[in-house]
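K.L.:
I am attaching a structure below and will ask some questions about it afterwards.
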Amino acid sequence: MTDKQKMEIIRLRMAGCGYKRIAAILNVPRDRVKYFCKNNGFDGFGKDIKEKYAPKTEGLNGVCKCCGMFFEQPKKGRKRKYCSPECKRIWEKTHYKPHEHKCFYCGKIFESKTKAQKFC
């Protein structure tokens, strides 16, 4: 694990993120994140860690799923997962689940990003 990843784990834990979410943001195994947090005194529930370090992230109550940056959630409406539309596009481009299909024309099995694709 790099020093940059270690600093990001600490920053995200202080924001109240859980092990699974941090692992998804940094693309590292959840157990590695948990082990690092336990050895450095950041273990426990995310909200308890957030309360302990609340002044450092005051006013910023959202963490981008893609880049890990803090952002302010809207007062009304659906909560945001990304800090910007660019981050959302990047995340969706790199984290899609391929769907397996059988081509109607030639019978080959192929993968695509959409569920409804019928031809290879």
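Each value in this text was obtained by applying a stated rule to the coordinates, not by laboratory testing. Given the structure is predicted, the values throughout are model-derived calculations rather than measurements. We place every Cβ from the backbone using ideal geometry, glycine too, and count neighbours over all the protein chains shown.
K.L.:
For region 4-102, rounded, prolate or oblate, judged on the Cα gyration tensor with a ≥ b ≥ c (square roots of eigenvalues), a/c < 1.5 rounded, else prolate if a/b > b/c?
P.N.:
It comes out oblate by the Cα gyration axes.
K.L.:
Hey, got the dipole for region 1-57? About the Cα centre, +1 on K and R Cβ, -1 on D and E Cβ, debye to the nearest 20? List each step's numbers first, then the result.
P.N.:
Details: 14 positive and 6 negative charges, 17 e Å.
Roughly 80 debye for region 1-57.
K.L.:
Starting from the Cα of Lys88, step 7 Å along the direction of its Cβ; do the same at Met7; then give the gap between the two resulting points in nm.
P.N.:
Calculated label separation equals 3.0 nm.
K.L.:
Still on this model: Which value in deg cm²/dmol, rounded to the nearest 500, describes the helix-derived mean residue ellipticity at 222 nm for the chain, given -39,500 (n - 2.57) per DSSP H run of n ≥ 4 and division by the residue count? Write down the numbers at each step before the final one.
P.N.:
Details: 5 runs with 47 residues, N = 120.
My calculation for the chain gives -11000 deg cm²/dmol from helical runs alone.
K.L.:
Using the Cα gyration tensor of region 1-44, with a ≥ b ≥ c the square roots of its eigenvalues, what is the shape: rounded (a/c below 1.5), prolate (a/b larger than b/c) or oblate (neither)?
P.N.:
On the way: a/c = 1.19, a/b = 1.12, b/c = 1.06.
Because its axes are fairly even, with a/c under 1.5, region 1-44 counts as rounded.
K.L.:
Moving on. Which entries of Lys52/Lys88; Lys6/Lys65; Lys6/Lys50; Lys4/Lys97; Lys20/Lys76; Lys6/Lys88 have Cα-Cα distances beyond 19 Å here?
P.N.:
Details: Lys52/Lys88 30 Å; Lys6/Lys65 17 Å; Lys6/Lys50 17 Å; Lys4/Lys97 28 Å; Lys20/Lys76 27 Å; Lys6/Lys88 24 Å.
Violating the 19 Å limit, Cα to Cα: Lys52/Lys88; Lys4/Lys97; Lys20/Lys76; Lys6/Lys88.
K.L.:
Among Asn39, Gly68, Tyr96, flag the residue with its Cα farthest along the positive direction of the charge dipole of the chain, charges on Cβ as +1 for Lys/Arg and -1 for Asp/Glu.
P.N.:
Of Asn39, Gly68, Tyr96, it is Tyr96.
K.L.:
Measuring from label point to label point, each 7 Å out along Cα→Cβ, what is the Asn27 to His99 span in nm?
P.N.:
Here the modelled spin labels are 2.5 nm apart.
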